[in-house]
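Below: the structure, in structure tokens.
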Amino acid sequence: MLEIKENLNGKRLLLAVSGGLDSVCLLHFFKENFETLGISALAVAHIDHTLRGEESKKDAEFVKELCKKWNVYFYFKSLEGKLPIGNNLESRARELRYLALHKFKRTGNFDFLLTAHHQNDQAETVFMRLARGTSISGLRAIRKIRHDGVYRPFLEISREEWNDRLRITNLLVNEEYRHKKIGSMLIDKAKDIA
């Protein structure tokens, strides 16, 4: 936590929250440690890819209500009609998501955009790059702090540690949101379209 405090003391933070376990844990951690970390502002951004119909709307509503309950400012953007049909759906969704998140970051004058990537995501990224036949330079891992202000404070924490954090804090997250990740949802949608 010392490293996080050193990086974030006095900073304005925007958290990317999908409604899944990882991002809700991220929100809970920073809400609970707001004063301890010396954070000057905290807000949430939710990007709705609209690929799962009512389920996408439920995710957005869940995050909105959580922010209302925890008194955290909520930004929302729908990508309805902006995603292509075809092979590059996942990469285009990621690109549009980050464009929207960075716009919110600029609009709110936030110092950092935080994502809930963890150790398991790190391994998954390396394996996906290997499977695509990337070069040695392409095998680099996810960067913890990027030049554009994206900060992933929990890259060293495993999925199991996130689950433990959830149990310890007694945070209640609807079970249907726990195991969904936007990547797998996009892949499933792409398969349906193809």
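The table below gives the values:
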quantity: Length gained when the stretch Asn163-Ser40 is fully extended (0.36 nm per residue, less Cα-Cα span); calculated: 41.5 nm
quantity: Stokes-Einstein translational diffusion, region 1-68 - Kirkwood Rh over all Cα pairs, 0.692 mPa s, 37 °C, in µm²/s; calculated: 257
quantity: Glu95-Lys82 pseudo-label distance in nm [points 7 Å out on the Cα-to-Cβ vector]; calculated: 1.3
quantity: Cβ-derived FRET efficiency at R0 22 Å, Glu55 paired with Lys103, nearest 0.05; calculated: 0.35
quantity: Built amide H within the under 5 Å cut-off of Leu114, gap 5+; calculated: Leu14, Leu15, Ala16, Tyr151
quantity: 12 Å beta-carbon shell around Leu13, net charge (K/R +1, D/E -1); calculated: +3
quantity: Karplus-derived 3J(HN,Hα), 6.51/-1.76/1.60, for each residue of region 154-162, Hz, glycine and proline x; calculated: 10, 4, 8, 9, 7, 4, 4, 5, 4
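Bear in mind that the values in this text are calculations on the coordinates, not laboratory data. Model, not experiment: these values are computed from the prediction. In this analysis, Cβ positions are derived from the backbone assuming ideal geometry, glycine residues included, and neighbour counts consider all displayed protein chains.
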